[in-house]
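Here's the structure, in C-alpha cells; my notes come after.
The values are calculated or read from the model by the stated rules, or taken from the named source; none is laboratory data. All values reported here derive from a predicted model rather than from experimental measurement. Quick reminder, even Gly has a Cβ in these numbers, built from the backbone with ideal geometry, and neighbours come from all protein chains shown. Areas reflect the complete protein model, heavy atoms only, side chains present, ligands, DNA and RNA absent. Shrake-Rupley method; radii C 1.70, N 1.55, O 1.52, S 1.80 Å.
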Amino acid sequence: MGSAHIKLSRRQVLGIAAGGVVGAVGFRYLTLQLPGVSQKVASAGGAAGAWASPLTTSAGRAAHLLRRATFGYTAAEWDSAASMSYPDLVDMIVNQAAQPLPTVADPTSYQAVVRAWYEHMATTPAQFPERMTLFWHGLLTSDYRKAARLPFVLQQNVLYRSIGRTDFRSLINAVTFDPLMIRYLDLEESTAAAPNENYSRELMELFTLGVGNYSESDVREGARALSGIRTILVDANGQRMQVPKLKGSTPAAYAQAVGQLLAQGASFKGVLAPQQHDAGVKTFLGRTGNIDPAQALDIILAQPACAPHIARNALVQFCTPDPPASLVTSVATAFRSSNYDIKTLMRTIFTSEAFSAPDAYRSLVRGPAEYMVATMRALNRPNLAARCVQAGAAMDQILYDMPTVAGWPANQGWVSSGAWLARLNFAANVVASAHTFPDPVAAVHAQLDGVVGTDTAAVFNASQSDGDRWYALLGSPEFQLK
Amino acid sequence: MITRRDFMVSGITATGVGIIVPPVFAKSVFAATVEDVHNDKVLVILQLGGGNDGLNTVIPFADPAYLQARPTIGITADKVLPLNASVGLNPVMPGLKKLFDAGEVAVVQGVGYPKPVYSHFEGLYIWEHADPSMQQTEGWLGKLLASQLDGQGHPLTGCALGQASTPAELVAQNATVSVIDSIPTYQVQGGAGRQVAAPALYKQTPGIYGALFDQALSTAEYGIAALGDSQHRYTPSVSYTAQSTVYGSKNSLATSLQLTAEMIITQPSVKICHVVLGGFDTHQDEDTRQNALLAYVDSAVSAFMQDIANHGMADRVVLMTWSEFGRRVAENGGKGTDHGAAAPIFVVGKPVKGGVFGEQPSLTRTVDAGNLQYNVDFRSVYQTLIRDWLNADPASVLGASFPELPIIQTL
C-alpha cells in the first residue's frame, strides 16, 4: 500500500472544544475516511477534552466490549461481534467455554508457565475465560517465590481458568486449598498451637470483605479456624504419594520427575490435617462454634460486605475507574442474589448503563499484560510471548510476581514516566522484529475505532513505513486505553 | 470502609468519571528554570516493604523478655552488635554498626502512631500520607516537593529509582516525579525516528488521562536529555553487590542505590530519592529470610554512603528507612512473626547526629494483645527531617506540629 492512500484525512475534524484542563487550545478529532468504509465515529457527544464516543453505534459498542472482556480482536472478530445484538454478544462472551492451557514443557518453571499463558491469551478464541483468569490472579493473588521448582503456579493457573467463571463460593473454597496459596500466605505453617494469621487477614481484607469489615480478633480467630491446611501429593486414584525431593537431585532431573508424575495424573492438593487443626470453639465474625475452614468461608460469604467488595474490584477493572456507590450496590445485589454467580456478576457489569455511557469510552487503562497481549492479537504474532515475559517488569507487571499481596495498581496507577517509556519501547521492539504488517489504516479503524487525537494522527501521517505507522498505533494513547 | 482501591482512585472526582488530575498541569512549566533547586541537601527514603521486624533489627538483648518471646528466632546477646548496654544491631549489619560508631547513624526507637493498624495497606497509607486518620490524599514527599522544594515542577527533583511505578509518598497534584528503573532502559528505543515520534504522540492527549499521560512522556523526555551524558560524569567508587536473588525481595537495592548515587552526583536538582526493598513480611522462616534481607540492606547502604563520601558529597545526603509496621513481640509457630506495631528506624549520613534516641518499648506492657507501644510519633521524624535537614516548613506538609528529635547536626 502506497503512502498516498494511507494518510489520515483531515477533512473530518470533529468536536473542537475549548476549555478543560489544557486551556484554550482544545482538541481536534481526526478520523479515518476510507473509500467504501462508512464513518463509524459519532459526530457529537464529545465533552470538552474528550474523544467523541462511538458507543452509540453497534460497531463501536462491540469494540468497546471486546477491548474490556477480551485481550483484543482481529478485524474479523470485530465484524462478527458488531453483527450481533448487544445482549446476545454479552451472552456469547460470558458463556464462552475455556480452552485448556497447552502442555507446558517444564511445569516447575513459573516463567515457562507464564510464557505459555501469554501465548494462550494471544491465541485462544476463548478470550473471556483468559481475561477472567487474569482478573482473579490480580485479586486472589499468589506469587511464585515460595514455590520455586514446584508446579504450583501451573496448578493455580489451571484452577482459576476452570472455576473462575462458576461461583465465588466454589472459587474461594478452592483457593483456600490451593497449593500455591497455601504456600504463599503461610497456611502451611499454621498449627493449632500457633495459628499463622497471614491468610486469615488477607482473605478478609483483600479477597472478600475489605478493611473495616472485621476486627483484629476476627483475624486471630479466623487463623484458628483455618489452621491445619496442608498440601499433599496424590496419584491419579487419589492415593497419597511421596513428594520428590529436590535435595540430592539436579534441577533438570527434578523437573523431569515432577513432570512425569503430573503426566501420570498425579496432583498436589490442599487438605485439612485434623491433628494440626484447632478444633476448639472460636468466635469469628459474630458466630461462635467449632468453626472449620469451610464454615469460616461460609460465614465470610454471608457478610453483607463481601459482594460489594468483589463487585467494586470488578467494576474498577472492567467498567469505570471510580464506581459510584449506587453502581457498586446494584451490581453487588445481582451478584449476591444469584448466589455469587460470576457470569451474573460480569453480565450485570457489561449490560449496565454505566458500561456504555459516553464517559465510559476509553475510561480504563489497559494493564501491561493486556497491552502486550492486545499487541500480539492486533499483529497476529503470538510468538512474542517470550518477549512479553521479559518486558512486563519495566511496566510494573510480572505475572505471578505482584509487588504485594494487594496485587497491581489499576488505571492511573499504571502511569509513570518509566512505565510509559517501557510501553513505547515494547512497541518499538515488536515493530523492529516484524517483517510484514497487517494494513495499518484498517488497524486504526478496527483497533482505535478510527477515533484518534491530533497527536496520533500527526505521527501516523508523518510515518514513512508501515512499521512507523504501527509504532504510532501501538504507542498511541488511544491503544493504551479501553 | 476504606480500601486500597479507594486510596488509589482518590484523584478522580466523585461524580462519575472526571478528569484524572495530573501532578502538573502544563507541560512546559518546568522548562524554564532550576536555579532555585540545588542538591545541597538530599533526602533518600529507603522503604522496607512488608513490615520489618524491629525487634530482630535493633535487638533489646538485655531484656530477658526478648528471648522468652522469641525462643527459636531470638538472637542471643553474645551475637548482637551492641549500640549501648541494652540494645544492639542484628549481627548481619556490621556496616551500619561501623557507621554508628562513626556517629553517622541515629537509631530512633519505638516509632509508630496511636491506635496502630495491622493491615499492610492501611499501614502504608498512614506512613505515605503522614496521616493516621487516612484522610489526606497526597503523599507527604509529594506535598513537600510541590509546596516547597520545587514549585517549578522540575522532573528530576523527586525521583523514584529502581522501580517502575510512582510511590504513593511522592504523589501530589503539583509534584512531578521521574520514575527510573535503570538509566540504560530510560531511553526511547528504536532509533532517531522513534525519539521524535514518542514524545510527539503525547502532546495534547484527550480524555481523562490525557494530561497524566502527557506529563509522563514530557517528564521522561526531559530526564533522558538530562541523563544523556551522566555515565561520563559518574563512576562508582565502590562495589555495589547486586544480590537480586535475596529471598522475597522484589527490587535490587544495591542497584537502586547505585543509581541514586549517580543521580545525586550528576543531577544538580535532585532533592528527594525513593528506593524500596520488599520481602520483609516474614510470617515464616524469619531467621533466614530477614537476616538475608538485612545483610543486603547493610551492604547496599554502606556502599552507597561510602560512594557518596568518596565523591565529596557526604555533607549533602541523609538516608531514612521506614516500614509500614514492626512485628508481633512473640514469634509464631513457623519461625516467623505476624503483623505488629512500633519499630525502630534508621537515619543515616554524615550530617546526622548519631546515637540511640527514643525509648525501647516494653516487651511485656504491650498494646492490642502483644504489640509494642510506640514512644515516638513517626511524624516527629518527618518534621525533623523537613525542618532541620531540608530547611523547609513542616506545618504545611504535616498539618500539625510534632516534637523534634536532635538527630541532625547543627553547624
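Observations on the structure shown:
- Qualifying residue in region A:418-438 (condition: within 20 Å of the chain's Cα centre (by Cα) and among the aliphatic types (A, V, I, L, M)): yes
- For region B:227-280, the set of residues classified as surrounded by fewer than 19 Cβ atoms within 10 Å (Cβ to Cβ) and in a helix (DSSP H, G or I) consists of B:S230, B:Q231, B:H232, B:R233, listed by residue number.
- Of all residues in region A:386-435 being touching a strand residue (DSSP E or B) at 6+ places or on another chain (Cβ under 6 Å) and without any contact (Cβ under 8 Å) to a residue 60 or more places away in the chain, the one that is farthest from the other protein chains (Cβ to nearest Cβ): A:W414
- One residue stands out among those in region A:70-81 that are in contact with a helix residue (DSSP H, G or I) (Cβ under 8 Å, 6 or more places away or on another chain) and surrounded by fewer than 19 Cβ atoms within 10 Å (Cβ to Cβ): the one that is nearest to A:Y371 (Cα to Cα), which is A:T74.
- A Cβ distance below 9 Å, combined with a sequence gap of six or more or placement on separate chains, defines the contacts here; from region B:52-80, residues that are on the phi < 0 side of the Ramachandran plot reach residues that are loosely packed, with under 14 Cβ neighbours inside 10 Å and in a helix (DSSP H, G or I) in the pairs B:G74/B:Q68.
- When region A:212-236 is limited to residues that are in contact (Cβ under 8 Å) with a residue 40 or more places away in the chain, within 14 Å of chain B (Cβ to nearest Cβ) and aliphatic (A, V, I, L, M), the one that is farthest from A:S267 (Cα to Cα) turns out to be A:L226.
- Residue count, region A:88-143 (criterion: part of a helix (DSSP H, G or I) and in contact (Cβ under 8 Å) with a residue 40 or more places away in the chain): 26
- Residues being buried (at least 24 other Cβ atoms within 10 Å of the Cβ), assigned to a helix (DSSP H, G or I) and either of a type in the set (G, A, S) or free of Cβ contacts under 8 Å to residues at least 60 places away in the same chain (or both) - total across region B:297-326: 2
- Leading residue by the ranking (nearest to the other protein chains (Cβ to nearest Cβ)) among those in region A:172-211 that are under 23 Å from B:E122 (Cα atoms) and of a type in the set (G, A, S): A:G210
- B:V92 vs. criteria open to solvent by 20 Å² or more (accessible area, probe 1.4 Å), within 13 Å of chain A (Cβ to nearest Cβ) and in contact with a helix residue (DSSP H, G or I) (Cβ under 9 Å, 6 or more places away or on another chain): no
- Conditions (1) assigned to a loop (DSSP other than H, G, I, E, B); (2) at the interface with another protein chain (Cβ under 7 Å from one of its Cβ atoms); (3) open to solvent by less than 40 Å² (accessible area, probe 1.4 Å); number of the one not met by B:Q163: (2)
- In the set (1) at pLDDT 95 or above; (2) under 21 Å from A:A472 (Cβ atoms), the condition left unmet by A:S416 is number (2).
- Qualifying residue in region A:451-464 (condition: surrounded by 24 or more Cβ atoms within 10 Å (Cβ to Cβ), in contact with a Lys or Arg (Cβ under 9 Å, 6 or more places away or on another chain), of a type in the set (D, E, K, R) and closer than 21 Å to B:L217 by Cα): yes
- The set of residues from region B:166-210 being assigned to a loop (DSSP other than H, G, I, E, B), under 20 Å from the mean Cα position of the chain (by Cα) and at the interface with chain A (Cβ under 7 Å from one of its Cβ atoms) comprises B:T166, B:D181.
- Among the criteria (1) surrounded by 18 or more Cβ atoms within 10 Å (Cβ to Cβ); (2) among the aliphatic types (A, V, I, L, M); (3) within 13 Å of chain B (Cβ to nearest Cβ), the one A:L261 does not fulfil is (3).
- Counting the residues of region B:335-392 that are closer than 27 Å to B:A85 by Cα, within 21 Å of the chain's Cα centre (by Cα), open to solvent by less than 10 Å² (accessible area, probe 1.4 Å) and within 14 Å of chain A (Cβ to nearest Cβ) gives 1.
- A:Q155 meets all of the listed conditions (1) open to solvent by 10 Å² or more (accessible area, probe 1.4 Å); (2) closer than 24 Å to A:K247 by Cα; (3) within 14 Å of chain B (Cβ to nearest Cβ) but one, namely (3).
- Scanning region A:228-254 for residues being surrounded by 14 or more Cβ atoms within 10 Å (Cβ to Cβ), more than 17 Å from A:D178 (Cβ to Cβ) and either of a type in the set (S, T, Y) or under 32 Å from the mean Cα position of the chain (by Cα) (or both) gives a total of 2.
- Any hit, region B:109-116, residues being at the interface with chain A (Cβ under 9 Å from one of its Cβ atoms) and open to solvent by 10 Å² or more (accessible area, probe 1.4 Å): no
- Helices (runs of 4 or more DSSP H) (entirely within region A:174-264) containing at least 1 residues that are of a type in the set (F, W, Y): A:179-184, A:198-202, A:251-263
- Checklist (1) at pLDDT below 95; (2) among the hydrophobic types (A, V, I, L, M, F, W, C); (3) more than 28 Å from the chain's Cα centre (by Cα); (4) assigned to a helix (DSSP H, G or I) applied to B:I19, failing item: (4)
- Look at (1) modelled with pLDDT under 95; (2) within 30 Å of A:D468 (Cα to Cα); (3) surrounded by fewer than 20 Cβ atoms within 10 Å (Cβ to Cβ) and you find that B:G210 fails only one, number (3).
Residues checked against (1) in contact with a helix residue (DSSP H, G or I) (Cβ under 6 Å, 6 or more places away or on another chain); (2) among the polar types (S, T, N, Q); (3) not assigned by TED's automatic domain parsing to the domain that holds A:A116:
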| site | (1), (2), (3) |
| --- | --- |
| A:T375 | yes, yes, yes |
| A:N380 | no, yes, yes |
| A:M402 | no, no, yes |
| A:G418 | no, no, yes |
| A:S433 | no, yes, yes |
| A:S465 | no, yes, yes |
| A:L474 | yes, no, yes |
| A:L481 | no, no, yes |
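- Extreme residue, farthest from the chain's Cα centre (by Cα), among residues of region A:65-80 that are under 21 Å from A:L364 (Cα atoms) and in a helix (DSSP H, G or I): A:W78
- Among residues of region B:299-343, those that are basic (K, R) and at pLDDT below 95, counted: 1
- Members of region A:440-482 found to be facing chain B (nearest Cβ under 9 Å) and under 23 Å from the mean Cα position of the chain (by Cα), listed by number: A:G475, A:S476, A:P477, A:E478, A:Q480, A:L481
- B:E138 being of a type in the set (D, E), assigned to a loop (DSSP other than H, G, I, E, B) and under 19 Å from the mean Cα position of the chain (by Cα): yes
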